[in-house]
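So the structure is just underneath, and the comments pick up after that.
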Amino acid sequence: MYKIIDGKEVSSYVKQQVKLQTDILKQQGITPCLAVIIVEGDPASRVYVNNKKRACEVCGIKSLEYALAGDVGEEELLALIDKLNNDSSVNGILCQLPVPKHIDEKKVIDAISPAKDVDGFSAENVGKIWLGDYSISPCTPMGVIELLDYYKIDVQGKNCVVVGRSNIVGKPMAALLLERNATVTVCHSKTKDLASFTKNADIIVAAVGRAGFITADMVSEGAVVIDVGINRLSDGKLAGDVDFEAVKEKASYITPVPGGCGPMTIAVLMKNTIEATKMQNNIK
Ligand code: L34
């Protein structure tokens, strides 16, 4: 019998914990503040940013939205980031990705001060993650870790197969699992005989961005299956990277989409905003 990993429940729990910390900061006269930049045009980004703003409300974090027109110039976006970097009332800055093609994503990431980089995308923060010495966690991968912890799924010594090697999910996911003493294999689109790896996995983290990519024949009996994928189907429905209906019959634990990793990404963002606020105010 499989068990559904409930990302909504765990994210509510994490946000409650964050709220307690926000309350303490407010007693000290500090209101954590997150600035969210969105370049309009991507409907999914709009949904995610709205969810982030709502989470800020739940956590008592002040949120500022900067919605820029889809044809905004790169210079203007970078100038806004510079302004927010220098605004001491702003503790966290994130620019929702993807940005339109005429804007260089790397320049945007590099422009955000590492101290305010609550996504954990900057070279400095990525480096710290691999060194195992970090306070800002990569949101989606840390959300996965929080799910595993909540359900008391130990990763030590386990064969963990991460499918996908993006800078946002796959690579930092591997780092966090490795730090927790998992044996980590990172597979990707060029991997030969992917199923030979996934079939040996105690834990599979799917982050490829293709609906239904992980099928039941690729999963061994009793595996833990974490689905990071969020694919929008032509009928508007959301689907993960895992063929949920078939794979659940083999899995011991499985995350749904929606209601799995998505809400956790946002919960960790809230934690990071508190962490950044504390660091900027020299609070442990
Ligand atoms: N800068 N860009 C930046 N930081 C991020 O951490 C993200 N990501 C990814 C896309 N771009 C980003 C997100 O915020 C993906 N992502 C994200 C955040 C939240 C949700 C999904 C992706 C989410 O709320 N998912 C809900 C369903 C939402 C819906 O109905 O569409 C869920 O239950 O999975």
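Coupling constants for the stretch 99-106 follow from the phi torsions by the Karplus curve (6.51 cos²θ - 1.76 cosθ + 1.60, θ = phi - 60°), and in residue order they are 9, x, 4, 6, 10, 7, 4, 5 Hz; glycine and proline get x. Computed 3J(HN,Hα) for the stretch 63-74, one whole-Hz value per residue from the Karplus formula 6.51 cos²θ - 1.76 cosθ + 1.60 where θ = phi - 60°, is 10, 10, 9, 10, 9, 9, 5, x, 9, 4, x, 4, glycine and proline marked x.
Close amide-amide hydrogen proximity is noted between I214 and V242, D243, each under 5 Å apart and 5 or more residues distant or on a separate chain (H modeled in the peptide plane; Pro and chain starts excluded). In order along the stretch 201-206, the phi-based Karplus estimate (6.51 cos²θ - 1.76 cosθ + 1.60, θ = phi - 60°) of 3J(HN,Hα) comes to 8, 7, 9, 10, 10, 9 Hz; Gly and Pro are listed as x. Hey, what's the Kirkwood Rh for the stretch 203-284 if you take every pair of different alpha carbons, in angstrom? Taking the inverse mean of 1/r over all distinct Cα pairs, the stretch 203-284 comes out at 14.0 Å.
Comparing S88, S220, S63 in a Gaussian network model of the chain (Cα springs below 10 Å), the most mobile by mean-square fluctuation is S88. For the chain, a Gaussian network of Cα nodes joined below 10 Å ranks L94, L176, L194 by mean-square fluctuation, and the top entry is L194. Taking all Cα pairs closer than 8 Å and separated by 6 or more residues, the relative contact order of the stretch 157-215 comes to 47 percent. Relative contact order (percent) for the stretch 53-184, with alpha-carbon contacts under 8 angstrom and 6 or more residues of separation? Reported relative contact order: 17 percent. When the alpha carbon gyration tensor of the chain is reduced to an equivalent ellipsoid, the three semi-axes, largest first, read 32, 21, 18 Å. Length available on full extension from Y13 to K53: 0.36 nm per residue minus the Cα-Cα distance, which gives 12.7 nm. The GluC sites (Glu not before Pro) of the stretch 140-245 that DSSP puts in a loop, and whose beta carbon has at most 15 other beta carbons within 10 Å, are E221.
One Cα centroid belongs to the stretch 190-253, the other to the stretch 62-118; the line between them spans 33 Å. Rounded to the nearest 500, what is the 222 nm mean residue ellipticity of the chain from helices alone, with -39500 (n - 2.57) per DSSP H run of 4+ residues and division by all residues? Calculated mean residue ellipticity at 222 nm is -12500 deg cm²/dmol. Close amide H contacts of V118 (hydrogens built in the peptide plane, cut-off under 5 Å, sequence separation of 5 or more or a different chain): I93.
I need the calculated FRET efficiency for the pair A79 and D104, taking r as the beta carbon distance and R₀ as 22 Å, to the nearest 0.05.
The pair A79/D104 has a calculated efficiency of 0.95.
Counting Lys and Arg as +1 and Asp and Glu as -1 over every other residue whose Cβ lies under 11 Å from the Cβ of I93, the net charge comes to -2. Summing charges over all other residues whose Cβ lies under 15 Å from the Cβ of S189, with Lys and Arg as +1 and Asp and Glu as -1, gives +3.
Need one number for the stretch 25-97: average projected area of the convex hull over its C-alpha atoms, nm². Mean projected area for the stretch 25-97: 4.9 nm², to one decimal. Relative contact order for the stretch 219-271 using alpha-carbon pairs under 8 Å, separation at least 6, rounded to a whole percent? Value for the stretch 219-271: 41 percent. A cut-off of 5 Å between modelled amide H atoms, ignoring neighbours fewer than 5 places along the same chain, links L68 with I38, V39, E40.
Values quoted throughout were computed directly from the atomic coordinates according to the rules given, and no laboratory measurement underlies them. This is a predicted model, so every value here is computed, not measured. Cβ: placed from backbone, ideal geometry, glycine included. Neighbour counts: every protein chain shown.
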